[in-house]
Structures are given as C-alpha cells and as structure tokens.
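Only one structure is covered here, and it is reproduced in the block below.
Read-outs throughout are calculated quantities, based only on the coordinates presented, and are distinct from any laboratory measurement. Just so you know, these numbers come straight off a predicted model, no measurement behind them. Note: ideal-geometry Cβ built from the backbone for every residue, glycine included; neighbour counts use all protein chains shown.
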Amino acid sequence: MPTMPAGGAQQGQPPSYPPNQGQPPTGYPGQPQGGYPGQPPGGYPGQPQGGYGGQPPGGYPGQPFGAGSPPPNKKRGLLIALLVLLVAAMLGAAGALVIVLNNDDNDSDPEITGDPVTLEPVESPGASPFVTGSAVATTELSSAAVDAANAISADLEVDDETDGRIATGTEPGLYGGTMDEQACDPFALADFLEGDQAKGAAWAGVLGIPPADIRTYIENLTPVLLTTDTWVTNHGFENGEATSFQSVMQAGTAVLIDEHGVPRVRCFCGNPLVEPETEDYTLHATEGEKWDDYEPTNVRLVKGGDQTLETVTLIDAESGEQFDRGLGPGQTGTVQATLRWSGTADMDLHVIDSNGEEIYFLDHPSSSGGDLDLDTIPGCGSGDTGPHTENIFWEQDAPPGEYTVFVYDYTSCDEPTEYSLQVVVGGSTVVSETGTIAESQTEGPRYKFQVY
C-alpha cells in the first residue's frame, strides 16, 4: 500500500502574492513633483523675482502724474486684471490636459466587476490544504499536448458571463495522462482520510457521502491531468471545518475525476472539489500567484455529462495523441482489463493470456507480466454497494497473440448483478460489454481479443 511521502508544502501557508506594480507616484500624469513643466519656482515664465520687467520701483518711466493719464493705482489694477486672465487661461489648459489623460486611462483600463478567483499553480498546495503532501507523479505537458488541448478548447462554447469555456466532462480528450504512469495515488489519500476522523468527516461532507464510504468513493475515481486551466469550487480545511473558495487550477495539475468526468479531488493536497459557482465571480480579477500564460478566455468550466463514462479518452502528455484507459484507479499499460459493478456480490475478473496463463485473484502476477492490482470483495450484507472495480494490466511488453477475458460471480448474495467490462489494448478500446449474472459460481460470456 503506498504511503504519503514526507515533505510537501506546510499546512496553512498561503500562496505568496505579487507586489503592487505599475503604480505611478502621487500626482497627475506628466506632472513632475513641485509644479507643471516650464514653471520656475515662485512665478510664471518670464517673471523675475520682485516684479515685471521694465518697471522700476514707484512707477513707469517718463510718465508724469496729471490730467489725461490714469492714476498709477488704476494702471496697476489693469495689469492685475490681465494677469488674472492669463493665469486662468493657463490653469484651464492644464486642467484640460489632466482630464484628457484621465479619460485615456479609463478607456484603456475598463472597470472590472465581480469577486476574484484564487489561482493555484501546479506546485502549490494552496492555503489550508487537507493533506500536506501526497504521492503525485510529476508529468509535464509537451507542446504537442498543449496544442491538442487548445484545439479542443477552440471548439467549446464560450460562457457569456465569465468568458471561460464550457466543457462537458465526458468530452474525449478533455484530460491528459500517460499510458505507463498514474497521475496520483488515490489509495494513499484514502489511508490518510481514514486515519484522521475530523478531516475525513469534513471531506466526505463536501462530496455528500458518509465517512464510512470514503475508500469506496476514492477507489472509483480516475487519475488524470488537467490539460488547460480549470475553474472549480475548491475546499481547504481550517478550524475543524471545510472552507470553500473559487479557484482556477493550472494546466498540468493532477486530479481525480468521477464517472461523469467532473474533477472531485486535487491530488497534491487532497482537497475535495465540486463544480464552480460562477455567480458574483470573474476570471478577470485574481488572487494568488499568476502564471505567465494565464488567460481568462482559456479557462474551462467542467459540467458533468448526462451519460456515465465506460472508458475515458485522454491526451498523451508526451505525444499529444489520444488514447483510452479504463475507469478507476487501476494501473494502465499496453493492456488493461477493467471490471465495474454495483451491489454486494463478489465478482471476479479473469484474463487468459496468449501463453495460456490465467490471471485472477488466486494467481497473479503471471510470467508474462500480467497483474491484478485491484481486487474488491464487498461482502453480502455489508451495505457496501459500490460501485466496485477490479483491474488487470500489463504495463508493457504484453506477449502478442489471442487473449480471453471473462467475469466470474464468486458470491451472488442471492441477487442478480449487472456489470461492465472493458479492455484497452495500446490505448484503443477492443472490448466494451455489459452483462448480468444471477447465481453464485457462475461464469459470464468469454470475450476474445488480440494483442499485436
């Protein structure tokens, strides 16, 4: 059983916020500290200290007092009046300049309405995470994978209210992964939550399940990678309770999705997730550390599909090509056979390889490399109705030839049980069947497939 690795981000440590940038010094645009351009200290242009040019103290030259000439105080009043008009004109021009500059700023920076969303980079667990460290595979998306994801996003509906892209969880290629490595370890998360009663109860409450069903719920989620930034309602744990917040998780983040394709758990911190609540929020206002290529119009809002997935089609994180994998946390590879059912019956998955070796709960792994990594025994009367999953896989180098797969009802619990059976070979689904077995010790139909 995997264990939670040591280390990780410290619980309760919020992400760092960037310093305020782009704030001009106090004053209007283009106004240096201390006055407007061209204005020397103490007066207007061309005005020396102590008076106007050409006027000696006491009057103008050659002008005697007498009839026909206004007294000196009237001339002085006329000059003052002219000066007032000049000042008013200059101030009016300056004011007009300020108004034009402010209007330009408003036109280029429209008002943003709505509360901000919290950005969560791949490497950050966020504030107050449920788990301080988790087993997460480090898988980067190649440029080919990013291009493939962007091509899918381009065809998605744009949400008029948020500018994000509305996606249905069952859309092929909505998520990513690899054929030889799991995005995260859901079993370690189940172990942790079962060992912490307070966190387990809060976690289960967010997802609407009893705490006793945590392991069953987690073991039916599928590990994938987000291929684009995705908006969710996230939940941390603080003061003994789950705390909700709207967050955008960065492309490349490992999550667990349910059978309708909705993200339910962020692997790195164990936080439970539900669909976003877009009312009163905007993608154009954010909190937290912003990554370089964040763009509101590229953010996805995932809603659950009406139908349940049988297999999930992913974008290969390396090649950008699409491939299928079975649902649930079972390991994938060159060959993957997956059995799913609901109820308390004990159903068993069997695969016979091209060498004639039979892989099942009593005999695994095989010499050819086939292994049973999920074996579920609900138990009659246990109340554990699932859904349940069993999985057999060859990580690589499965021997070529003809294979056989079938389901065996070990204990029926006196009721018929419906099941779903899928086989993926080389990323393509080659068997997808459903059936019903009503009696114990009964084998279902056998299905043959080829490995090349």
Per the 1/(1 + (r/R0)^6) rule, R0 = 35 Å and r from the Cβ atoms of residue 436 and residue 375, FRET efficiency to 0.05 is 0.95
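How do 380-387, 198-205, 327-334, 249-256 rank on mean C-beta neighbours within 10 Å, highest first?
On the way: 380-387: 13.8, 198-205: 18.2, 327-334: 22.2, 249-256: 24.1.
Most protected by this proxy first, the peptides run 249-256, 327-334, 198-205, 380-387.
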Bridge orientation stat for the range 116-324 from DSSP, antiparallel percent rounded to 5, came to 65
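Could you please tell me the mean projected area of the C-alpha convex hull for the range 116-324, averaged over all directions and given in square nanometres to one decimal? Display every interim value, and only then the final one.
Details: hull surface 43.0 nm².
That works out to 10.8 nm², a quarter of the Cα hull's surface.
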Per the rule of 0.36 nm per residue minus the C-alpha distance, extending residue 308 to residue 181 adds in nm 43.3 nm
Distance in nm between residue 212 and residue 144 label points, each 7 Å along Cα→Cβ, equals 5.0
